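The values are calculated or read from the model by the stated rules, or taken from the named source; none is laboratory data. Being a predicted model, the structure only gives us computed values, none of them experimental. Methodologically, a virtual Cβ is constructed for each residue, glycine included, from the backbone with ideal geometry; neighbour enumeration extends over all protein chains shown. We work out accessible area using only protein heavy atoms, side chains counted, and drop any ligands, DNA or RNA first. Shrake-Rupley method; radii C 1.70, N 1.55, O 1.52, S 1.80 Å.
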Amino acid sequence: MVELLQYSFGGITVGFIYALVGLGFTVIYNSSKIINFSQGEFVMIGGMAAVFLSYAKFPFVLAFPLAVMLASLLGYMLFKLVSMSQNSSVTSLIILTLGYSIFVRGASQVGFDKQMHTLPAFISDTPISIFGATITPQAILVIVVSLCIVFALYYMFNKTKLGKAMLATADNKDAAKLVGISVKKILIMNFMISSAIAAIGGIVLTPITSTNYEIGVILGLKGFCAAIIGGIGNPFGAVFGGVLLGILESFVAGYLSSEYKDAVAFIVLLLILFFFPGGLFGAKKSSRV
Amino acid sequence: MTKTSKVLLGLLAMGFSLTAYAKENIKIGALVAATGPASFLGDPELKTLEMYIEKINAAGGVMGKNIELIAYDTGANPKKATTFVKRLISQDKVVAILGGSASGETMAILPFIKKAKIPLVSMAGSIKIVKPAKKFVFKTPATDRMACEKIFEYLKKKSKTNVALISGNGGFGKSMRAQCKEVAPAFGVKIVADETYGPKDTDMTPQLTKIKSMTNVDAVVNPGFGQGPAIVTKNFKQLGMKQTLVQSHGVASKKFIELTGNASEGVIVASPPVVVAALLKDSNPIKQIALDYINDYETKYNAPVSTFGGYAYDALNLVVNAMKEANSTDPKAIRDAIESTTSYVGLNGIYKMSKNDHLGLDIDSSIKMLVIKNKDWQLAK
C-alpha cells in the first residue's frame with residue numbers, strides 16, 4: 001500500500017514536470033497552430049540562466065525574473081524568425097522551431113557550459129511523509145506552480161478578450177485582422193508567454209532534476225507527448241496528459257520493470273493518436289460543407 | 001607564417017583545435033568528445049592535453065622537437081571517430097593517437113589502429129578495449145570491473161553482501177552493471193535486485209521504492225554517471241532509506257556533492273586517487289603529482305578538476321615517456337616502449353604494463369573508497 005502511494009507521488013511529481021513543459025506547447029499552438037519544438041530549450045534556458053545568475057550572486061528574487069525575461073527574449077527572437085517566413089507552410093515553420101532549438105542548445109553550450117548544475121530547494125529539502133510515502137516540498141511547489149499557470153491560462157483563453165483574440169488569430173488570421181485584432185502583437189505575446197511559462201517550469205524543476213544544456217531535449221519530447229495525449233491546445237489536457245504519463249511511467253517502473261518505462265510514453269502516445277486523434281480533451285473536429 | 005600554417009589556422013576557425021605549427025614537430029593525434037553527450041569527459045581531457053603539451057614544449061619539447069596536438073572533436077559519435085581516425089592516420093600522419101573519450105567510439109576505431117600499426121592510448125572505461133590485449137591498444141582509466149571488485153571487497157569487509165543494483169542504462173552504467181554481476185560471486189556478494197533507469201530520467205523513486213520494500217538489502221550500488229546518480233542519491237534520501245549507498249567512479253568529482261547537497265552525506269564512492277589527492281598519505285607517490293595537476297588545472301581554467309582530465313594526463317605522459325625512452329618517434333618503437341612501462345606514476349595509479357596487460361593498474365593504487373562527510377571527501381574506513 002505504501003509502495004502504491006509512493007509510486008503515485010513519484011509519478012505525479014514527474015507528471016507535473018511534463019505538464020509544465022506541455023503547457024508551453026498549448027499556448028503557441030493556440031495562436032498559430034505551430035508546434036514549437038524549441039519549447040524544451042526554453043525550459044533549459046530558464047534553469048540554466050537562474051543557476052548562472054545565482055552563481056553571480058544575484059538574489060533569487062532578481063535572478064528568477066531575469067531568467068524568465070531572457071527566455072521570453074529568446075521567444076521573441078523565435079517569433080521574429082517565424083514572422084520573417086510568414087508565407088511558409090506550418091510544416092516548414094515547425095522545422096524552423098526545430099532548427100532554433102539546435103541553435104539555442106549550441107549557444108548555451110558555449111554561453112553557459114556543459115556541466116550539470118542545480119539550485120538549492122526553495123522551501124526546504126526535508127521530505128514530507130504521508131502515510132509512510134514521501135514527497136519533497138519542491139515537488140509540491142512544482143504542482144502548485146503548474147496548477148496556478150493552468151488556471152491562469154484557462155482564465156485567459158476563455159474569459160478575457162485577449163485570450164479570445166488569441167484563439168481568433170489561430171483560427172483565421174485575416175478575419176481576426178478585419179475585426180481589429182493586431183495579429184502581430186497577439187503572436188508576439190504568445191511566443192513570449194509560452195517561453196516564460198517554460199522558463200518558470202525550468203526554474204522550479206531544477207532543484208529536483210538538476211539541469212544542463214541538453215536537458216530540454218527529453219523534457220521537450222515528454223512535454224509534447226503530454227500535450228498531445230491531453231489534446232493539444234487545451235491547458236487542462238496538457239496537465240492531465242502529463243500526470244497520466246508520469247503515473248504510468250512510475251507504475252511500470254515499480255510493478256513491471258524499469259526497462260520498459262520509457263517505451264510507455266510512446267506506446268500511450270500511439271494508442272491515443274490511434275483512438276482519439278484529437279487527444280483526450282481535444283476539440284472535436286467539425287467540418288463545414 | 002608559412003602557407004601551411006595559414007591553412008591550419010583556417011581549420012582552427014572551422015572548429016578544430018590545433019596548436020601552433022612549426023616544421024619538424026612530433027604530431028600526436030587526439031580524438032576527444034569535446035562536445036555532445038560525453039562532453040563532460042572530453043572537455044577536461046582536451047583542456048588537459050592542451051595545457052600539458054604547451055608546458056612540455058615550453059620546457060624544450062621531446063628530443064628537441066615540439067609536440068603538435070592534432071585534436072578532433074568526435075562528439076562521442078563512433079561514426080565521426082572513424083572518419084577522424086582515418087584522417088589522423090593517412091592525412092595528418094601522427095605517430096600516436098590519444099582517445100577516444102568514450103568506450104563506444106574507442107571500439108569503433110580499433111580496426112583502423114590495427115591496420116595502421118600506430119599506438120592508441122584510450123581514455124575510455126570499458127574493459128573490452130584492452131581485454132584481450134591488442135598489440136597497439138592501451139588505455140589509462142581503471143576499468144569498471146576493477147571498480148566493482150573494489151566496491152564488493154569493501155562491502156564484504158562490512159558484511160553487507162546482499163546488494164541491490166540500480167544502474168543507468170547508458171553505455172557506462174550498462175557495462176559496469178554487467179561487470180558487477182559477473183564479479184559478485186567471487187566476493188560472496190548476492191545481487192538481490194537489479195533495477196535500471198534512463199540516463200535522462202528525472203525521478204528514480206519507483207525503482208528505489210521497490211528496493212526499499214525488500215527486506216534483505218544491505219547495500220545499494222549505483223553504476224552510472226551524469227545527473228542520474230545525483231537524482232538517485234536525492235531520491236534515496238527522500239525515501240529515508242537506511243542501507244549503504246555506494247556510487248561509482250562515474251561521479252567522483254566535487255560536482256556530485258554540489259548537485260546532491262545534504263543528500264550525499266554518508267554516501268560511499270569508489271574513486272580514482274586524483275580527486276582526493278590531499279587525503280593521500282605523504283608517502284604515496286601519486287600525491288604530489290596529483291596536487292600539482294589540480295593546481296595547474298584550476299589556476300589555468302578556473303574550474304574544479306574531475307577525474308576525467310587525469311585520464312588524458314596519463315595517456316599523454318605514457319606516450320611522451322615512451323618516446324623519450326625509445327629515443328624515437330617511430331610508432332612501433334613508441335608502442336614497444338609503452339608496453340615496457342614498468343613504473344610510471346600517474347594520476348590514476350602506478351602503471352605497470354606487460355604484454356598481456358595494456359592497462360597496468362592494480363586495484364589498490366588506482367581506486368580509493370571514500371565517504372562523503374560534511375560535503376567533503378574522506379577515506380572510508
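Among the residues of the range B:314-367, not one is charged (D, E, K, R), surrounded by 21 or more Cβ atoms within 10 Å (Cβ to Cβ) and touching a helix residue (DSSP H, G or I) at 6+ places or on another chain (Cβ under 7 Å). Within the range B:302-352, being within 21 Å of the chain's Cα centre (by Cα), among the polar types (S, T, N, Q) and closer than 22 Å to B:LEU69 by Cα holds for B:SER306, B:THR307, B:ASN317, B:ASN321. Working only within the range A:187-242, note down all residues that are more than 12 Å from every other protein chain (Cβ to nearest Cβ) and outside any helix (DSSP H, G or I). Listed by number, the residues that qualify are A:GLY231, A:ILE232, A:GLY233, A:ASN234.
In the range A:111-120, the residue that is nearest to the other protein chains (Cβ to nearest Cβ) out of those that are more than 12 Å from B:THR260 (Cβ to Cβ) and assigned to a loop (DSSP other than H, G, I, E, B) is A:LYS114.
Just one of the listed residues (B:LEU245, B:LEU259) is within 14 Å of another protein chain (Cβ to nearest Cβ) and either at pLDDT 95 or above or buried (at least 19 other Cβ atoms within 10 Å of the Cβ) (or both), and it is B:LEU259. Given the condition of a type in the set (A, V, I, L, M, F, W, C) and more than 30 Å from A:LYS222 (Cβ to Cβ), answer yes or no: does some residue in the range B:191-208 qualify? Checking the range B:191-208: at least one residue is of a type in the set (A, V, I, L, M, F, W, C) and more than 30 Å from A:LYS222 (Cβ to Cβ). Comparison of A:MET84, A:MET77 shows that the only residue that is surrounded by fewer than 20 Cβ atoms within 10 Å (Cβ to Cβ) and more than 27 Å from B:LYS200 (Cβ to Cβ) is A:MET84.
Among the residues of the range A:111-163, those that are open to solvent by 30 Å² or more (accessible area, probe 1.4 Å), aromatic (Phe, Trp, Tyr) and over 18 Å from A:ILE12 (Cβ atoms) comprise A:PHE112, A:PHE122, A:TYR154, A:TYR155. Being open to solvent by 30 Å² or more (accessible area, probe 1.4 Å), more than 27 Å from A:VAL82 (Cβ to Cβ) and assigned to a helix (DSSP H, G or I): is that true of A:LEU167 here? For A:LEU167, the condition - open to solvent by 30 Å² or more (accessible area, probe 1.4 Å), more than 27 Å from A:VAL82 (Cβ to Cβ) and assigned to a helix (DSSP H, G or I) - is not met.
Table: residues versus (1) within 30 Å of B:MET107 (Cα to Cα); (2) more than 14 Å from chain A (Cβ to nearest Cβ).
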{"position": "B:GLU182", "(1), (2)": "yes, yes"}
{"position": "B:ALA186", "(1), (2)": "yes, yes"}
{"position": "B:ILE191", "(1), (2)": "yes, yes"}
{"position": "B:SER213", "(1), (2)": "no, no"}
{"position": "B:ALA219", "(1), (2)": "no, yes"}
{"position": "B:GLN227", "(1), (2)": "yes, no"}
{"position": "B:VAL232", "(1), (2)": "yes, no"}
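Of the residues making up the range B:207-242, those that are in contact with a Lys or Arg (Cβ under 8 Å, 6 or more places away or on another chain) and modelled with pLDDT of 90 or more number 5. Annotation note: of B:PRO119, B:PRO111, B:PRO78, the sole residue that is open to solvent by less than 30 Å² (accessible area, probe 1.4 Å) and assigned by TED's automatic domain parsing to the domain that holds B:THR329 is B:PRO119. Only one of the listed residues (A:LEU269, A:LEU256, A:LEU245) is at pLDDT 85 or above and either more than 11 Å from every other protein chain (Cβ to nearest Cβ) or farther than 17 Å from A:ILE218 by Cα (or both). That residue is A:LEU245.
Annotation note: Cβ proximity below 8 Å between a residue of the range B:350-371 that is under 23 Å from B:GLY99 (Cβ atoms) and a residue that is of a type in the set (Phe, Trp, Tyr) (sequence gap 6+ or interchain) occurs for B:ILE350/B:TYR344; B:TYR351/B:TYR344; B:MET353/B:PHE138; B:HIS358/B:PHE138; B:LEU359/B:PHE138; B:LEU359/B:TYR351; B:GLY360/B:TYR351; B:LEU361/B:TYR351. Of the candidates B:LYS287, B:LYS281, B:LYS300, the single residue that is in a helix (DSSP H, G or I) and within 23 Å of B:MET146 (Cα to Cα) is B:LYS287. Every condition in (1) buried (at least 20 other Cβ atoms within 10 Å of the Cβ); (2) under 23 Å from B:LEU347 (Cβ atoms) holds for B:ILE127 except the one numbered (1).
Residues checked against (1) in a helix (DSSP H, G or I); (2) at pLDDT below 90; (3) under 30 Å from B:TYR197 (Cβ atoms); (4) open to solvent by less than 20 Å² (accessible area, probe 1.4 Å):
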| position | (1), (2), (3), (4) |
| --- | --- |
| A:VAL14 | yes, no, yes, yes |
| A:VAL27 | yes, yes, no, yes |
| A:MET44 | yes, no, yes, yes |
| A:VAL51 | yes, no, yes, yes |
| A:PRO65 | yes, no, no, no |
| A:LEU73 | yes, no, no, no |
| A:SER88 | no, yes, no, no |
| A:GLN109 | yes, yes, yes, no |
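Of all residues in the range A:122-132, how many are more than 8 Å from every other protein chain (Cβ to nearest Cβ) and either under 21 Å from A:ALA67 (Cβ atoms) or of a type outside the set (S, T, N, Q) (or both)? Summing the residues that are more than 8 Å from every other protein chain (Cβ to nearest Cβ) and either under 21 Å from A:ALA67 (Cβ atoms) or of a type outside the set (S, T, N, Q) (or both) in the range A:122-132 gives 6.
Is it true that B:LEU279 is open to solvent by 10 Å² or more (accessible area, probe 1.4 Å), among the aliphatic types (A, V, I, L, M) and without any contact (Cβ under 8 Å) to a residue 24 or more places away in the chain? No, not satisfied.
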